[in-house]
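First the structure, in the form of structure tokens, and then the observations on it.
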């Protein structure tokens, strides 16, 4: 006899009748030990046994690399309370009606699906696409459950393109929990103000009243929707969106200057300026000695670019300083005057943006809130899109994102 081990089946209210073992499968025949059912008409508990239903064959958790199937003929009960005395098939807690899997196996599939694809799980488990999708639909909702939240202190609104270059933006609505973890609240079909307003109105009134801050980028649709529907919330324009704007201004001047220098300098002189893009863009403190020399050479050859670089770094320093809203506003206004006196025009468009959004931008200095938690989540969305070759169904996208965020907490051990 080969060595044997015993371990619990972990299926409540059943007894094992028979077990069959083959090279690849284990079939376990069980029967229910529950002595009652709930009448499907009147909802009362009934105990009069009236035969058995059809045989169920349910996929269960694998054991030692073998597929496991649970076979059960559910008991049927007659109702003495209803006039026509209908019969009801007993339903046990460890599987769902019309599901080909036990609940435990469904959860196992979802655990495999985290960070993976349906096609990959299909190959590993020998299942069809629809069977795995069915497990996802049974256990992961396609929209947020507001009952999971007692407070929404901070919201994040940001868009991402489903298909690169097609401008078909969707909006991700997220919040940061008290423990710092991110929670997905919604995936909106577009970034129109009306769409954002409609979503905000789905938030229960008492929960909406807890929203203190909303981090977003410089888009009027988001800001106006928040001001209309969540009037008490402070709108914070994310400093990283601001940084992206003013750093792009300086970088555009770099491209222009290098184009001019290439035409003016001899090839051997210009060769020393090649590869200066990253030294110019990166934080000066992160540069190597060689990169610092490259940057110094570039700035020495282009006085206007040196001035723009200094202005860019000066603005970054303002955001890095622990200002209050008042002192931060004053510092930004001084910086704007300095830019105008410099005679440079590369920041002209940004200055208009800064003036238009100054109040919302300087709200950053109140609690130094950013959309960093949202931007990190956007990277997860991009990975999911590449992994799944694009997802156009927004409900399915919500389910997959929710699973990637919450799956280990819900189904991991």
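When you check residue 231 against the structure, is it farther than 21 Å from residue 312 by Cα and outside any helix (DSSP H, G or I), yes or no? Spelling it out, residue 231 is indeed farther than 21 Å from residue 312 by Cα and outside any helix (DSSP H, G or I). Pairing each residue of region 4-17 that is without any contact (Cβ under 8 Å) to a residue 40 or more places away in the chain with any residue that is in a loop (DSSP other than H, G, I, E, B) and surrounded by 10 or more Cβ atoms within 10 Å (Cβ to Cβ), provided the two are 6+ apart or on different chains, yields C-beta distances under 8 Å for 15/33; 16/9. Taking the conditions (1) under 24 Å from residue 351 (Cα atoms); (2) more than 35 Å from the chain's Cα centre (by Cα) in turn, residue 293 satisfies each one other than (1).
Can we say residue 261 is more than 31 Å from the chain's Cα centre (by Cα), farther than 30 Å from residue 153 by Cα and modelled with pLDDT of 95 or more? Here the answer is no, as residue 261 does not meet what is asked.
When region 336-375 is limited to residues that are surrounded by 19 or more Cβ atoms within 10 Å (Cβ to Cβ) and over 35 Å from the mean Cα position of the chain (by Cα), the one that is farthest from residue 245 (Cα to Cα) turns out to be 339. Among the numbered conditions (1) farther than 19 Å from residue 312 by Cβ; (2) assigned to a helix (DSSP H, G or I), the only one that residue 275 does not meet is (2). Residue pairs whose Cβ atoms lie under 6 Å apart, separated by 6 or more positions or on different chains, with the first residue in region 263-288 and more than 24 Å from residue 246 (Cα to Cα) and the second assigned to a helix (DSSP H, G or I), are 270/262; 272/297. Residues in region 43-57 that are surrounded by 14 or more Cβ atoms within 10 Å (Cβ to Cβ) and either outside the structural domain of residue 90 (by TED's automatic domain parsing) or not in a strand (DSSP E or B) (or both): 53 alone. Against the condition within 40 Å of the chain's Cα centre (by Cα) and either under 23 Å from residue 109 (Cβ atoms) or surrounded by fewer than 18 Cβ atoms within 10 Å (Cβ to Cβ) (or both), how does residue 66 come out, does it pass? Taking the combined requirement at face value, the residue satisfies it.
Rundown of residues vs (1) modelled with pLDDT of 90 or more; (2) assigned to a helix (DSSP H, G or I), yes/no style:
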residue	(1), (2)
76	yes, no
97	yes, no
106	yes, yes
116	no, no
137	yes, yes
141	yes, no
174	yes, no
178	no, no
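Scanning region 69-117 for residues that are closer than 27 Å to residue 399 by Cα and free of Cβ contacts under 8 Å to residues at least 40 places away in the same chain, we see that the one that is nearest to the chain's Cα centre (by Cα) is 112. Restricting attention to region 186-216, the residues that are closer than 16 Å to residue 371 by Cβ, buried (at least 20 other Cβ atoms within 10 Å of the Cβ) and without any contact (Cβ under 8 Å) to a residue 60 or more places away in the chain add up to 2. When region 1-41 is examined, which residues are found to be in a loop (DSSP other than H, G, I, E, B), in contact with a strand residue (DSSP E or B) (Cβ under 9 Å, 6 or more places away or on another chain) and more than 27 Å from residue 126 (Cα to Cα)? Hits for region 1-41 are 13, 33, 34, 35, 36, 39, 40, 41. Checked against (1) under 22 Å from residue 102 (Cβ atoms); (2) out of contact with any helix residue (DSSP H, G or I) (no Cβ under 8 Å at 6 or more places or on another chain), residue 59 passes all but condition (2).
The values are calculated or read from the model by the stated rules, or taken from the named source; none is laboratory data. All of these numbers come straight from a predicted model, not from anything done at the bench. Don't worry about glycine lacking a Cβ; one is built from the backbone with ideal geometry, like all the others, and counts go over all protein chains shown.
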